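Everything on this sheet refers to the single structure shown next.
The values are calculated or read from the model by the stated rules, or taken from the named source; none is laboratory data. Source: prediction; values computed, not measured. Here Cβ is always computed from backbone atoms with ideal geometry, including for glycine, and neighbour counts include all displayed protein chains. To get the accessible areas, we keep the full protein, side chains included, count just its heavy atoms, and leave off ligands, DNA and RNA. Shrake-Rupley method; radii C 1.70, N 1.55, O 1.52, S 1.80 Å.
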Amino acid sequence: MNLDEFKKEFVRQELGIGDNFPEVFSFIDFGNVNYWFDDDRQTHDHIALAEEERLCIDIEKLDQFLSIFSKTVRFYYGHDSANTKSLGFIRVARDIFGKHAVSTKPIQKVRHHLLSPEELTSNTRTLFHDDMGDYVFLPKCNFDVEISVDAIKLLDNYDTFCLLSSDADFVHLLRYLKSKKKKIILIKGGPVVHDLKDIADLVVNAQDIKKHISLIKQKPGI
């Protein structure tokens, strides 16, 4: 066993993903994953971030990490056709995961009124105003349907379904996959409904893999 294989075996043992989880397909709900470390103020090794720094997901490192135990990795994320950075990010994602492994669609912008002083104080988005008060536009682009359809279409190609999300909308999909004798790995960040955790054969907290998938960036405007 060479050094690279030893490192991969160590990570699999650390996570508890051994031969008991054969033929893994991983599905990344990146609209959920992208915010996992937004509130973190320190790195995985407990080094405090500077005021102008933030912890982000590195999608190249994410792909490398998932490839340690996954046969296939699929990536789902919305794009803003009016934003060149958004389109550029999708191009990078296709380069990393493969053109046919990346699913995207236009982001919808939903009006959200700021009803509390706390929301107004912490808001960093452009403010608008109507008869109901101040509001912002929040991006919204769910992929629960696309991920569910792909998971069912590919049912005969994997034994273990690995989902990167904390979205309760996936409860019905996971129940269906369990009825088809599939193993379930749930990689989640933050709180998650009990129904989602209870169905999974293995639950991995994002904090426990932070060292594998994150990087430090400057905050916007700094």
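What a 1.4 Å probe finds exposed on the range 50-158 is 51% carbon and sulfur by accessible area, rounded to a whole percent.
At the listed q of 0.15, 0.21, 0.24 Å⁻¹, the Debye profile of the range 60-172, built from one uniform point per Cα, gives log10 I(q)/I(0) equal to -0.84, -1.21, -1.37. Entry note, the chain: the mean residue ellipticity at 222 nm calculated from DSSP H runs of n ≥ 4, each adding -39500 (n - 2.57), is -9000 deg cm²/dmol after division by the residues and rounding to the nearest 500. Close amide H partners of Val73, meaning residues 5 or more places away or on another chain with modelled amide H under 5 Å apart, are Ser26. In the chain, the longest principal axis of the Cα atoms and the axis of helix 144-153 are about 20 degrees apart.
Largest mean-square fluctuation among Gly189, Gly31, Gly133, in a Gaussian network model of the chain whose springs join Cα atoms under 10 Å apart, belongs to Gly133. Dimensions of the range 38-120 from C-alpha coordinates, computed as largest minus smallest value along each principal axis and given longest first, are 47, 37, 21 Å. Database remark: amide H of Glu53 closer than 5 angstrom to the amide H of Lys219 (H placed geometrically; neighbours at sequence offset of 5 or more, or on other chains; Pro and chain starts carry no H). Loop-resident GluC sites (Glu not before Pro) (DSSP state other than H, G, I, E or B) in the range 47-101 with no more than 11 further Cβ atoms inside 10 Å of their Cβ: Glu51, Glu52.
Note on the range 182-222: with neighbouring protein chains present and a 1.4 Å probe, carbon and sulfur make up 51 percent of its accessible heavy-atom surface.
Note on the chain: with a GNM built from Cα contacts shorter than 10 Å, the maximum mean-square fluctuation among Arg54, Arg94, Arg111 falls on Arg111. Give Lys7/Lys181; Lys71/Lys217; Lys153/Lys181 a once-over and call out the pairs whose C-alpha atoms are over 25 Å from each other. Checking Cα-Cα distances, Lys7/Lys181; Lys71/Lys217 exceed 25 Å. For the range 70-75, 3J(HN,Hα) computed residue by residue from phi via the Karplus equation (6.51, -1.76, 1.60; θ = phi - 60°) reads 10, 6, 9, 10, 10, 10 Hz, glycine and proline entered as x. Solvent-accessible area of Tyr176, all protein chains in place: 80 Å² (probe radius 1.4 Å, heavy atoms, ligands and nucleic acids excluded).
In the range 1-149, what percentage of the DSSP-assigned beta bridges are antiparallel, given to the nearest 5?
Values: 10 of 18 bridges.
Bridges in the range 1-149 are about 55 percent antiparallel.
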